[in-house]
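**Q** First, the structure itself, so that you have it in front of you.
What follows draws every value from the coordinates through simple rules; no lab data is involved. Computed from a predicted model, the values in this text were never measured in an experiment. Note: ideal-geometry Cβ built from the backbone for every residue, glycine included; neighbour counts use all protein chains shown.
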Amino acid sequence: MIRYRLLRERLQQCGLFQPDDFEVPPAASEQQLQLVHTADWVRRVLAGELTGDEIRRIGFPWSLQMVERCRRSTGATVAASRAALRDAVAVNLAGGTHHAFPDRGAGYCVFNDVAVAARSMQQEQRIQRALVLDGDVHQGDGTAAVFADDPSVRTFSLHAAKAFPVRKMRSDLDIELPPGTTDSDYLAAWQEGLHWAAHQERPDLVYFVAGADPYVGDTLGGLAVSKSGLQTRDNLVFEFCTRQKCPLVVVMAGGYAESVNDIVDIQFHTVTAAASLQQAP
């Protein structure tokens with residue numbers, strides 16, 4: 001996970017932020033995790049009692065360090081949600097673990113940080129409604145499953161039709177893109193999705209799953225979107241939140257380019273562009 005460290009270092013060195021802009025979040029509590037996940041799943045993850053098949057589905061081995069990282073990443077999105085409600089926008093420099101279901105993990109995801117954060121904000125009576133805009137190249141199947149038939153949290157996923165997961169869930173709006181989709185069609189799909197979102201009941205909080213993996217150089221995505229195209233995508237989302245006057249939480253999600261510097265470049269723009277929202281009049 002070197003990309004997370006490199007992103008943080010680049011942000012700290014760019015001169016746009018103060019040291020206290022970066023916070024180390026508390027780990028998500030068992031009670032917070034159980035707002036979304038079954039008590040059995042949480043207990044077995046924490047105790048290291050996962051089966052071999054469950055570990056293979058997640059994609060990396062169990063360890064105490066893995067548990068701590070997953071709880072911290074989830075706690076960071078919870079903390080970012082509170083910060084966004086106060087400051088208009090906040091970013092988790094990790095997160096976006098949208099393949100985690102209530103009773104299982106998958107695709108490098110153990111706990112669903114966005115779902116836990118949204119449910120935590122509802123439980124704390126800070127929000128009633130939320131909107132998830134998922135721009136990872138892989139469908140947010142776990143998130144769609146968590147909020148199925150729940151009108152208080154609307155879900156939109158824009159993803160590659162041929163990418164993982166093979167079996168897709170049903171979001172409130174899914175837009176699937178064919179292999180090799182380039183900037184113009186990709187951005188038109190985003191405009192379609194944001195048009196749909198603008199006609200839903202106004203959310204109290206928006207979550208943007210800002211995957212770097214639609215990038216043309218990504219090894220797992222299958223799309224062909226340029227860095228410039230991804231910057232425009234970010235700007236479309238941020239302009240939408242500004243128009244709707246909705247607080248925004250940004251999480252990083254996937255990125256699997258051969259060069260880690262490409263991932264960091266993409267996510268650096270996402271974070272710095274999001275920060276400009278907080279400074280706007």
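**Q** Calculate, in nm to one decimal, what residue 64 and residue 239 gain on full extension: separation in residues at 0.36 nm each, minus their alpha carbon distance.
**A** That works out to 59.0 nm of additional length.
**Q** By DSSP, what percent of the beta bridges with both residues in the chain are antiparallel, rounded to the nearest 5?
**A** That works out to approximately 10 percent antiparallel.
**Q** In addition: Please give the contour-minus-distance gain from residue 38 to residue 86: 0.36 nm per residue of separation, less the Cα-Cα distance, rounded to one decimal in nm.
**A** 14.3 nm is the gain from fully extending residue 38 to residue 86.
**Q** Which ordering of 86, 170, 72 is given by a fewest-first count of other beta-carbon atoms within 10 Å?
**A** The fewest-first ordering by Cβ neighbours comes to 86, 170, 72.
**Q** Just rank 129, 5, fewest to most, by other beta-carbon atoms within 10 angstrom.
**A** Listed from fewest to most nearby Cβ atoms, that is 5, 129.
**Q** Let me ask you something else. Would you work out the relative contact order for the range 207-281, in percent, from Cα pairs under 8 angstrom that are 6 or more residues apart?
**A** 41
**Q** Roughly how many Å is it from the Cα centre of the range 1-58 to that of the range 193-257, as a whole number?
**A** 21
**Q** Quick check on the chain: helices-only [θ] at 222 nm, where DSSP H runs of length 4 and up contribute -39,500 (n - 2.57) each and the sum goes over total residues. Nearest 500, please.
**A** So the calculated ellipticity at 222 nm is -14000 deg cm²/dmol.
**Q** Sticking with this structure for a sec: I need the GluC sites (Glu not before Pro) found in the range 37-69, filtered to DSSP loop residues with at most 11 other beta carbons within 10 Å of theirs.
**A** 49
**Q** If I take R0 = 51 Å and measure r between the Cβ atoms of residue 231 and residue 51 in this structure, what FRET efficiency does the formula 1/(1 + (r/R0)^6) give, to the nearest 0.05?
**A** With a Förster radius of 51 Å, E is 0.75.
**Q** Ok, one more. Trypsin sites (Lys or Arg not before Pro), restricted to the range 202-260: which are DSSP loop and have at most 14 other Cβ atoms within 10 Å?
**A** Filter output for the range 202-260: 245.
**Q** How much length, in nm to one decimal, is gained on full extension between residue 166 and residue 6, taken as 0.36 nm per residue of separation minus their Cα-Cα distance?
**A** Fully extending the segment from residue 166 to residue 6 adds 54.5 nm.
**Q** Please list 3J(HN,Hα) in residue order for the range 108-123, calculated via the Karplus relation 6.51 cos²θ - 1.76 cosθ + 1.60 where θ = phi - 60°; whole Hz, with x for glycine and proline.
**A** With coefficients 6.51, -1.76 and 1.60, one gets 6, 10, 10, 10, 8, 5, 5, 5, 4, 5, 4, 5, 5, 5, 5, 4 Hz.
**Q** Okay, next question. So for the range 104-212: antiparallel DSSP bridges make up what percent, rounded to the nearest 5?
**A** Rounded to the nearest five, the antiparallel share is 5 percent.
**Q** Next question, about the same structure. For the range 2-279, report the translational diffusion coefficient in µm²/s to the nearest whole number, using Stokes-Einstein at 10 °C, 1.306 mPa s, and a Kirkwood Rh over Cα pairs.
**A** The Stokes-Einstein estimate is 86 µm²/s.
**Q** Rounded to whole Hz and in sequence order, give me ³J(HN,Hα) for the range 216-224 from the Karplus expression 6.51 cos²θ - 1.76 cosθ + 1.60, θ = phi - 60°, writing x for Gly and Pro.
**A** For the range 216-224, the Karplus-derived couplings read 4, x, 6, 7, 10, x, x, 9, 9 Hz, x marking Gly and Pro.
**Q** Express the relative contact order of the chain as a whole percentage, based on alpha carbon pairs under 8 Å and six or more residues apart in sequence.
**A** So the answer I get is 20 percent.
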